[in-house]
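The values are calculated or read from the model by the stated rules, or taken from the named source; none is laboratory data. As the structure is a computational prediction, the values presented were derived from the model and not from experiment. No Cβ is skipped: glycine too gets one built from the backbone with ideal geometry, and neighbour counts run over all protein chains shown. SASA here: full protein model, heavy atoms, side chains in, ligands and nucleic acids out. Shrake-Rupley method; radii C 1.70, N 1.55, O 1.52, S 1.80 Å.
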Amino acid sequence: MYLCRVICRDIHIEPLQTWLPTNDFPLVIAGPCSAESFEQVLVTAKSLATIPQVKVFRAGLWKPRTRPNSFEGSGAEGLVWLNEVKLQTGLKTCVEVATPKHVELALKQGVDIIWVGARTTVNPFLVQEIAESVKGLDIPVLVKNPVNPDPELWLGALERFQKAGLHKLAAIHRGFSFFKRSPYRNAPMWEIPIEIKRICPSIPVITDPSHMAGNRHLLFPLAQKAMDLEMDGLMIEVHNQPDKALTDRDQQISPLQLEDLLKHLVLRRSSYSSGKEDTLERLRSEIDKLDNELIEILSHRMNIVDEIGHFKKENNITILQLRRWREIIEDRLAHGISSGLDKTFLLNVLQQMHDEGIRRQNAIMNNNQE
Ligand code: PEP
Ligand code: MN
């Protein structure tokens with residue numbers, strides 16, 4: 001469950017189209033994981049500049065790896081190459097910054113946009129230092145989600161930049177480290193960016209399928225899903241020779257492959273015109289009605305849970321009776337699965353209801369002192 005307690009906390013953010021060209025939807029930020037050489041950067045950028053959706057060229061310059069002693073980025077030298085990209089292609093440039101020194105160097109060399117990486121967003125000390133280093137400046141900042149699935153930490157980082165007087169902000173969704181096995185390098189957990197958009201509707205969210213996938217083969221379905229969920233753009237790692245990339249080799253694609261990926265994306269409309277609204281409206285009002293019925297049923301169920309709680313208290317019976325819980329799971333799963341519901345979904349719902357029941361009965365046992 002990643003719903004925040006806040007209902008709405010809209011941060012003042014300038015619409016994306018006022019600071020980035022978004023006419024060729026979707027907006028694409030593309031470029032290598034790392035700037036490796038002048039030639040690699042320029043050749044990649046020149047090919048990317050021929051793809052209409054690509055408006056921004058990305059490259060990592062400071063790349064401390066998990067362990068030292070491998071390629072750790074080209075550092076400030078790469079800023080000169082990026083400047084050349086701007087001059088020769090007209091693309092805007094974007095780099096990752098992790099310290100105020102990076103910010104200073106990047107701004108001095110005319111970088112257009114900076115981004116804060118996932119490993120930095122986890123650390124409010126660092127985010128605050130970076131935010132102070134750009135205080136009052138007119139530089140767009142993109143904030144990647146923190147490595148851990150914590151929407152508040154992500155929002156908090158964006159707020160630090162907003163408090164520093166910046167309004168050209170966007171979030172980048174690159175997936176989360178997750179303890180469960182998954183085909184992804186970083187689990188997408190789409191519910192989190194959706195929650196970010198629910199709380200702050202004006203935040204543009206750009207999807208980075210490269211770091212979610214960790215390999216080329218999962219890029220397309222992730223990019224398509226981002227479009228179907230109305231995300232605002234894509235950040236994709238592109239290298240002129242992906243198989244020779246010095247970092248994140250498995251997930252990088254060539255400019256041609258990016259072109260192909262974008263060509264196959266199906267861009268659906270966010271709402272119907274031409275008289276089909278009626279069908280959608282009717283189905284939505286059925287959902288509204290059912291949701292309200294579900295809430296009534298849940299409330300009724302919890303009242304009975306409370307009654308049982310009082311009974312247990314009076315009769316000195318423990319809250320958790322594993323045999324009963326086992327029976328409930330087996331019975332409800334069998335029923336739910338035969339009604340066409342997914343087993344994992346059912347287990348999640350049952351777990352949530354059970355946890356809430358235990359919480360309420362525990363409060364009753366202890367005279368509402370949790
Ligand atoms: C990157 O974009 O190359 C990068 C290091 O990303 P992240 O911060 O998402 O791991
Ligand atoms: Mn990378």
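Things worth noting here:
- Carbon + sulfur, % of accessible area of the stretch 230-311 - ligands and nucleic acids excluded, 1.4 Å: 53
- Between K163 and E327, the distance separating the two model label sites (each 7 Å from Cα on the Cα→Cβ line) works out to 5.4 nm.
- Most mobile of G309, G31, G214 in a GNM of the chain (Cα contacts under 10 Å): G309
- Amide hydrogen neighbours beyond the local backbone of T207, cut-off 5 Å, H modeled: H173, D232, G233, L234, M235
- For the chain, built as a Gaussian network whose Cα springs stay under 10 Å, the top-fluctuating residue of I196, I317, I172: I317
- Candidates T18, T344, T279, ranked by Gaussian network fluctuation over the chain, Cα under 10 Å, top entry: T344
- Residues whose placed amide H lies under 5 Å from that of G73, excluding near-sequence neighbours: K63
- Were the residues from N83 through S270 laid out at 0.36 nm apart, the gain over their Cα-Cα distance would be 63.6 nm.
- Amide H within-cut-off set for G31, under 5 Å, with H built and near neighbours excluded: R58, I236, V238
- Distance from the stretch 128-206 to the stretch 210-282 (C-alpha centre basis), Å: 19
- Share, in percent, of DSSP beta bridges within the chain that are antiparallel, nearest 5: 5
- Accessible area (Å², per residue) of the chain, counting only protein heavy atoms and a probe of 1.4 Å: 54
- The label point for R249 and the one for Q351, both projected 7 Å from the Cα toward the Cβ, are 3.7 nm apart.
- I317/N123 FRET efficiency (R0 56 Å; Cβ-Cβ; nearest 0.05): 0.75
- DSSP finds beta bridges in the stretch 134-220, and of those with both partners inside it, around 10 percent are antiparallel.
- Simple spin-label estimate for T99 and E281 gives 6.0 nm between the two label positions (7 Å along the Cα-to-Cβ direction from each Cα).
- Within the accessible area of the stretch 99-211 (1.4 Å probe), percent carbon and sulfur: 55
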